Amino acid sequence: MLVLKCTDLGKAFGQRWLFRRLSFTVTQGTSLVILGPNGSGKTTLLRLLCGLIKPTKGQVIWEINGIKLKPNQVRSLIGAVLPDCEPYEELTAQENMELVADLHGVNRDSVGEWLERVGLSHARRQFVREFSSGMKLRLKLAMAFVHEPIALLLDEPTAMLDEQGRQLVSELIAEKKRDGIVIIATNDERDVSYGEQQIVLGKNR
């Protein structure tokens with residue numbers, strides 16, 4: 001059983017606190033939606049949960065069956081769509097996917113399957129610099145899923161997507177929620193339904 005525990009979590013830049021005194025638990029098979037206006041710290045919170053940055057106060061703990069995981073173990077379990085996880089624009093979609101697959105030590109055979117799943121099989125040989133914003137987001141989703149993560153962290157996953165793209169995101173989230181953890185940061189009210197739990201940032205700092 002995978003569990004994420006955050007206790008008295010806070011992050012400040014200089015004298016400015018984005019958020020503080022956050023405590024919550026997310027267990028395998030459930031999901032969390034992080035809400036708040038732009039600048040409230042949603043992306044920063046996701047980066048803390050991924051281990052990309054450290055909190056100013058509090059702790060982020062990932063456990064499996066009560067055993068605390070080390071940072072390198074956590075990274076292998078997480079798939080993330082974040083500003084930190086942009087594809088290389090000078091590479092093709094196929095090359096970006098193969099790079100991520102190699103980094104995670106998974107078979108490249110899954111690359112084609114995921115490009116097809118996100119609707120980019122026709123553009124697999126196309127350079128990412130030629131992609132629209134929606135196509136880039138679809139590629140980032142495929143890159144996040146290629147190693148079959150048990151935890152999925154998504155920053156504004158439906159932004160810049162048409163209705164067909166939103167349906168794709170809904171399907172992927174539903175599948176991952178069955179046996180994993182899903183955490184979504186958004187300011188789109190339509191995304192609230194993705195999570196059993198909610199955190200609202202920007203109210204009290």
Inset, instruction - Identify the residue in the range 28-41 that is under 20 Å from Val74 (Cβ atoms) and not polar (S, T, N, Q) and, among all such residues, is surrounded by the fewest Cβ atoms within 10 Å (Cβ to Cβ). - result: Gly29
Legend entry - Residues that are in contact with a Leu (Cβ under 9 Å, 6 or more places away or on another chain), within 20 Å of Leu2 (Cα to Cα) and among the polar types (S, T, N, Q), drawn from the range 32-76: Gln59, Asn65
Inset, instruction - Pick out the one residue from Arg166, Arg129 that is touching a residue at least 40 places away in the same chain (Cβ under 8 Å), surrounded by fewer than 19 Cβ atoms within 10 Å (Cβ to Cβ) and part of a helix (DSSP H, G or I). - result: Arg129
Legend entry - Sole exception among (1) aliphatic (A, V, I, L, M); (2) crowded, with 20+ Cβ neighbours inside 10 Å; (3) in contact (Cβ under 8 Å) with a residue 40 or more places away in the chain for Ile64, by number: (2)
Inset, instruction - Scan the range 84-97 and report the pairs whose first residue is in contact (Cβ under 8 Å) with a residue 12 or more places away in the chain and at negative phi and whose second residue is assigned to a helix (DSSP H, G or I) and among the hydrophobic types (A, V, I, L, M, F, W, C), with Cβ atoms within less than 6 Å and a gap of 6+ or a chain change. - result: Pro87/Val128; Pro87/Leu139; Glu89/Val128; Ala93/Ala123; Ala93/Leu139; Met97/Val111
Legend entry - Residues of the range 169-185 satisfying the condition of being in contact (Cβ under 8 Å) with a residue 60 or more places away in the chain and either out of contact with any Ser or Thr (no Cβ under 9 Å at 6 or more places or on another chain) or under 19 Å from Cys6 (Cα atoms) (or both): Arg178, Asp179, Gly180, Ile181, Val182, Ile183, Ile184, Ala185
Inset, instruction - Considering only residues that are hydrophobic (A, V, I, L, M, F, W, C) and in contact with a Leu (Cβ under 6 Å, 6 or more places away or on another chain), look in the range 149-160 and name the one that is surrounded by the most Cβ atoms within 10 Å (Cβ to Cβ). - result: Leu153
Legend entry - Glu171 of a type in the set (D, E, K, R) and outside any helix (DSSP H, G or I): no
Inset, instruction - Kindly list the number of the only condition in (1) assigned to a loop (DSSP other than H, G, I, E, B); (2) within 28 Å of Gly10 (Cα to Cα) that fails for Asn107. - result: (2)
Legend entry - Residue satisfying condition, being crowded, with 19+ Cβ neighbours inside 10 Å and either over 15 Å from the mean Cα position of the chain (by Cα) or within 30 Å of Ile64 (Cα to Cα) (or both), within set Val192, Val200, Val146, Val106: Val146
Inset, instruction - Confirm whether Leu32 is hydrophobic (A, V, I, L, M, F, W, C), closer than 20 Å to Leu172 by Cα and in a strand (DSSP E or B). - result: yes
Inset, instruction - Enumerate the pairs (first residue in the range 1-22 and without any contact (Cβ under 8 Å) to a residue 60 or more places away in the chain and surrounded by 17 or more Cβ atoms within 10 Å (Cβ to Cβ); second residue anywhere and aromatic (Phe, Trp, Tyr) and assigned to a strand (DSSP E or B)) with beta-carbon separation below 8 Å, excluding pairs fewer than 6 apart on the same chain, so at least 6 apart or on different chains. - result: Cys6/Phe24; Leu9/Phe19; Gly10/Trp17; Gly10/Phe19; Lys11/Trp17; Lys11/Phe19
Legend entry - Lone qualifier among Gln73, Gln59 - being more than 25 Å from Arg190 (Cβ to Cβ) and in a helix (DSSP H, G or I): Gln73
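Read-outs: derived from the displayed coordinates by stated rules, not from any lab. Small disclaimer: the values here were computed from a predicted structure and weren't measured. Cβ coordinates were reconstructed from backbone atoms using ideal geometry, including for glycine residues, and neighbour counts include every protein chain displayed.
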